[in-house]
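Visitor: Let me give you the structure first, and then I'll get to my questions.
The values are calculated or read from the model by the stated rules, or taken from the named source; none is laboratory data. Bear in mind that the values here come from a model prediction, so they are computed numbers and not experimental data. Here Cβ is always computed from backbone atoms with ideal geometry, including for glycine, and neighbour counts include all displayed protein chains.
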Amino acid sequence: MGILNRIFKIGQAETNSALDKIEDPIKMTEQGIKDLKKDLDKSLQAMAEIKALEIRSRGEMNTAKVRAADYEKKAMLLLQKGQNSELDATEADRLASEALIKQQENNETMQRAKKEVDKLEGNIANLDSAVKKIRSSISSWENELRTLKARAKVSSATKKINKQMANIDSSSTVSMLERMKDKIAEDEALAESYGEIANESKSIDDELDNALASDPKTQATESLANLKAKMGM
């Protein structure tokens, strides 16, 4: 199977660069599995056909064996009849000879069928071995396919990340970060400056009002005096 040799070579590749230079390993493995499954179907069909022939030949062998034994038994009975004068001795010998001829013919048929059965059994054993090997190969390459797909995903993701990283200019990135830090420091200083200006910009009216603000205790004393005067106390 040429496709298997090609897939085997793919399995020997160790680096992504090597894999990129040859045919798509995933597609090749998938095609190899398809071919193996076709071979499996053909082997199973052939084995079924050969088993059918083996069953037929075995049936022919068993039938010939039974018939040979039956003709031998008939020949013995004929000879006994001739010996017991139940049948003319000459006729008994003639018929017994015919029965033995039939026995020989069936023995030959049995032997021929037996050789055919032995041959077919050998073919079946070889096909069964091939079927097991193909099934094992299919299982092995299906596992290999899962591994290749996983490797392909990892390789693709890694290549994408590395490509993105390769396109990043480290010097421009550092420069950009420095400019961002300067801008943030400038904004922070400006905010602090505005805060100080706001504190210094209180109006004189605010200061006067704060200075002349009535003491709550004084207001309470005045309120109490007003209430007593109202009550005539």
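Visitor: Tell me the residue from Gln111, Gln104 that is more than 29 Å from Leu127 (Cβ to Cβ), surrounded by fewer than 17 Cβ atoms within 10 Å (Cβ to Cβ) and modelled with pLDDT of 95 or more, please.
Guide: Gln104
Visitor: Still on this model: Could you grab the pairs with beta carbons closer than 8 Å, sequence gap of 6+ or different chains, first residue in the range 181-198 and surrounded by 10 or more Cβ atoms within 10 Å (Cβ to Cβ) and modelled with pLDDT of 70 or more, second one acidic (Asp, Glu) and not in a helix (DSSP H, G or I)?
Guide: Final answer for the pair search is none.
Visitor: In the range 65-118, what residues are of a type in the set (Gly, Ala, Ser) and either under 60 Å from the mean Cα position of the chain (by Cα) or part of a loop (DSSP other than H, G, I, E, B) (or both)? Break it down into steps so the answer makes sense when it comes.
Guide: Step one: filter the range 65-118 for residues of a type in the set (Gly, Ala, Ser), giving 68-69, 75, 82, 85, 89, 92, 96-97, 99, 113.
Listed by number, the residues that qualify are Ala68, Ala69, Ser85, Ala113.
Visitor: Now a separate question. When you go through (1) modelled with pLDDT of 95 or more; (2) hydrophobic (A, V, I, L, M, F, W, C); (3) crowded, with 17+ Cβ neighbours inside 10 Å one by one for Ala92, which number turns out not to apply?
Guide: (1)
Visitor: So for the range 114-129 (the condition being hydroxyl-bearing (Ser, Thr, Tyr) and modelled with pLDDT under 95), does at least one residue qualify? Explain how you work it out, then say what you get.
Guide: Start the filter on the range 114-129 by keeping residues that are hydroxyl-bearing (Ser, Thr, Tyr), which leaves 129.
Applying the additional criterion that residues be modelled with pLDDT under 95 yields 129.
Yes, there is a match, as at least one residue in the range 114-129 is hydroxyl-bearing (Ser, Thr, Tyr) and modelled with pLDDT under 95.
Visitor: Would you point out which residue out of Glu91, Glu60, Glu121 is of a type in the set (Asp, Glu) and touching a residue at least 60 places away in the same chain (Cβ under 8 Å)?
Guide: Working: Glu91 fails: touching a residue at least 60 places away in the same chain (Cβ under 8 Å); Glu60 fails: touching a residue at least 60 places away in the same chain (Cβ under 8 Å).
Every option except Glu121 fails the conditions.
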